[in-house]
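The values are calculated or read from the model by the stated rules, or taken from the named source; none is laboratory data. This one's a predicted model, so the numbers in the text were calculated from it and none came from an experiment. All Cβ positions, even for glycine, are placed from backbone atoms using ideal geometry, and neighbour counts span all protein chains on display.
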Amino acid sequence: MLQARLRKTFPQGADSAGFSLALEFQAGTGVTVLFGPSGSGKTLVLDAIAGFVRPDEGRILLDNDLLFDGATGVHLPPQARNCGYVFQNYALFPHMTLRQNLMFAAERRPRLERHRRVNEMIETFRLTEAAGRRPHEVSGGQRQRCSIARALIVAPKLLLLDEPAQGLDAPLKAEFYEVLRQVRADFKTPVILVTHDLDECFELGEEMLILREGQIVQSGTPRKILDQPANVEVARLLGAFNLIPCEIRALDPGRNTSKVQMGEFELDGPYFPGRFKGDRVTLCVRPELLVVTARLGSAGPNQIPAVLSRTVEKAQWMRLEFEGGIAADMGREEFERQRENKEWLIEFVPSTLRVL
Amino acid sequence: MPIDWFPLWLSLRVAVVSTAVALAFGLWLAYILANREFRFKEVVDAMVTLPLVLPPTVLGYYLLVLIGRASPLGKLWETIFGSPLVFTWKAAVVAALFHSLPLLVKSSRAAFESVERSYERAARTLGASEWRLFWRVTLPLAHRSILAAAALAFAQALGDFGITLMVAGNIPGRTQTAAVAIYDAVESGNGAVARMLVLVISMVALLILTVANRLNPRWSPR
């Protein structure tokens, strides 16, 4: 269990904007994802936990070990922190074979145990063939597995991963997720993973912290966050939403219904707790939850007519962009059937609507 | 007339010893400069670099003040070893050291700084002490550039003239290095000796520079 409270300020420099980090969080067993755009301070958090960066104030507690305490001046060196760190570039020592890399990490263990432990790791992480080769002579997947094995060999209390899947192609990414799931099952080491890949959050994260400009703007399970982003900022960061300004016209908690005015149209929605009639809000709905059909007759309930402005091809689906900035996703086959449509209707399913 | 090879052997011996000392001291200094933050760091770097730009006479003068028989260091040497330091071959080593140290420190600092920081950080998270980190990670990763720098330092030590002349003098058979012997030979009209020594020194320097270039990672095929 990691408990961290951190504050660090970088004054504005001649060629750099000022930056300030101020956050507090806990990370228990399982994978905690730090998600945020570049420059939000994700890596800085990892570096502070690992001991590469000294925070201005705060406190970092890992299980029962005090790693940093601003008040009493405790600041353990990285060597004494028991934190494994997997770097973005893996940082395998290029002048050593994979086995030597693992041996380097195991050197603090007793001599007899050392070899057994290294051999175990080589087997667990399927590195038998590559063990005698140097990092630049092995495949990307082997490098990746070796860097995780090397970090785990010292039996860390916490594993820190800095965008380890960035720039990997799809099969390697899938392999990496698999390895990490195995780590979670076999080693039970708590993991903090830094990423700006939303899919990765869902693949791996039990708990997700969203960082923006050095602060945590929302935390929770990925599913929950995607279901109900805390505010428009978060929704923008997640990047997967239609965000449409509108006004609440009616609220009925008894029947769990509401009416929202969106431009010239009135839509039915669920009851929005904590909102009032007349509130100007942002309607938030994921593109894949909009139902798009051909306009044959007049619009039904919660349907609005729309003019298609362009389509964007994605690997698995089509994104339809309508005038007024509404986007909807549709399966490829469905789109093939509908592509001749002259006029369109977009249906807002009431239960999928959120307001921010 | 047979050529006296003593100056050449002396030069080689002086260069070997001074390069060894320069490596021990210069690598330590370069590592500190590359990895530690402290006040006046760049002042220290500038002081180390100063010999590159000052005339040899100025450096020789400083050295005479520093290790001359009247100076505290010179006296200390005399009490320990029973004979003065100046005007011996050991003084020639000190002179060569001052001549070759700046470039060695400069290039080793750059070599240490070019080692990617994540390797050192990784070693630390794996529990490696700073000492083990240096010997097992930083130094091996920088070793080509450092060997190249050491080769250059050796070549420079071999070729020092001005500082050597001022602190070690020109005593044939004792402190007369090849560079000084060439000057002596030319002055006394001994053209054959001068030509021979010039040729040998040039060949050795050329050989060393070629080796240094091959060692430099920028040129190595990989």
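Scanning the range A:37-48 for residues that are within 14 Å of chain B (Cβ to nearest Cβ) and not hydrophobic (A, V, I, L, M, F, W, C) turns up at least one hit.
Restricting attention to the range A:116-164, the residues that are in a loop (DSSP other than H, G, I, E, B) and within 14 Å of another protein chain (Cβ to nearest Cβ) total 7. Restricting the range A:70-108 to residues that are of a type in the set (Lys, Arg) and buried (at least 18 other Cβ atoms within 10 Å of the Cβ), the residue that is nearest to the other protein chains (Cβ to nearest Cβ) is A:ARG81.
Being in contact (Cβ under 8 Å) with a residue 24 or more places away in the chain, within 14 Å of chain A (Cβ to nearest Cβ) and of a type outside the set (Ser, Thr, Tyr) is the requirement here; does B:VAL93 meet it? So B:VAL93 does not fit the description; no. When the helices (runs of 4 or more DSSP H) confined to the range B:124-195 are screened for residues that are among the acidic types (Asp, Glu), those reaching at least 2 such residues are found at B:178-187. Restricting attention to the range A:54-69, the residues that are among the polar types (S, T, N, Q) and either surrounded by 13 or more Cβ atoms within 10 Å (Cβ to Cβ) or at pLDDT 95 or above (or both) total 0. Anything in the range B:1-40 that is buried (at least 21 other Cβ atoms within 10 Å of the Cβ) and of a type in the set (Lys, Arg)? List them, or say none. Hits for the range B:1-40: nothing passes. Each residue in the range A:236-266 was checked for being acidic (Asp, Glu) and touching a helix residue (DSSP H, G or I) at 6+ places or on another chain (Cβ under 9 Å), and 0 pass. The listed residues are B:THR175, B:THR138, and the only one of them that is away from chain A (no Cβ under 14 Å) and hydroxyl-bearing (Ser, Thr, Tyr) turns out to be B:THR175. Within the range B:113-123, being more than 9 Å from chain A (Cβ to nearest Cβ) and not in a helix (DSSP H, G or I) holds for one residue alone: B:VAL115. Among residues of the range A:324-343 being of a type in the set (A, V, I, L, M, F, W, C) and within 20 Å of A:PHE241 (Cα to Cα), the one that is surrounded by the most Cβ atoms within 10 Å (Cβ to Cβ) is A:ALA328. Restricted to the range A:1-53, and to residues there that are touching a Pro at 6+ places or on another chain (Cβ under 8 Å) and of a type in the set (Ser, Thr, Tyr), the residue that is modelled with the highest pLDDT is A:THR32.
Every residue, every condition in (1) under 30 Å from A:ALA105 (Cβ atoms); (2) at pLDDT 90 or above, yes or no:
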| residue | (1), (2) |
| --- | --- |
| B:ALA122 | yes, yes |
| B:ALA155 | no, yes |
| B:ILE163 | no, yes |
| B:GLY173 | no, no |
| B:ALA181 | no, yes |
| B:VAL200 | no, yes |
| B:ASN216 | no, no |
| B:TRP219 | no, no |
| B:ARG222 | yes, no |
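Can you confirm whether the range B:109-123 contains a residue that is over 23 Å from the mean Cα position of the chain (by Cα) and among the basic types (Lys, Arg)? Yes, the range B:109-123 has at least one match. When each of A:PHE202, A:PHE241 is tested for being at pLDDT below 90 and in contact with a Cys (Cβ under 7 Å, 6 or more places away or on another chain), the lone residue that passes is A:PHE241. Kindly provide the set of residues from the range B:15-50 that are among the acidic types (Asp, Glu) and assigned to a helix (DSSP H, G or I), ordered by number. If the condition is that a residue be among the acidic types (Asp, Glu) and assigned to a helix (DSSP H, G or I), then B:GLU42, B:ASP45 are the ones that fit. A single member of B:MET203, B:MET166 is more than 14 Å from every other protein chain (Cβ to nearest Cβ) and either free of Cβ contacts under 8 Å to residues at least 60 places away in the same chain or surrounded by fewer than 16 Cβ atoms within 10 Å (Cβ to Cβ) (or both), and it is B:MET203.
Is there a residue being closer than 30 Å to A:THR195 by Cα, modelled with pLDDT under 90 and basic (Lys, Arg) anywhere in the range A:228-236? Yes; the residues of the range A:228-236 include at least one that is closer than 30 Å to A:THR195 by Cα, modelled with pLDDT under 90 and basic (Lys, Arg). Can you find a residue in the range A:199-213 that is under 21 Å from A:TYR85 (Cβ atoms) and either free of Cβ contacts under 8 Å to residues at least 24 places away in the same chain or β-branched (Val, Ile, Thr) (or both)? Checked against the condition, which is being under 21 Å from A:TYR85 (Cβ atoms) and either free of Cβ contacts under 8 Å to residues at least 24 places away in the same chain or β-branched (Val, Ile, Thr) (or both), the range A:199-213 yields no hits at all. Restricting attention to the range A:30-47, the residues being in contact (Cβ under 8 Å) with a residue 24 or more places away in the chain and either in a strand (DSSP E or B) or not small (Gly, Ala, Ser) (or both) number 11. When the residues of the range A:76-108 are filtered to those that are of a type in the set (D, E, K, R) and either touching a residue at least 40 places away in the same chain (Cβ under 8 Å) or in contact with a strand residue (DSSP E or B) (Cβ under 8 Å, 6 or more places away or on another chain) (or both), the one that is nearest to A:VAL154 (Cα to Cα) is A:ARG108.
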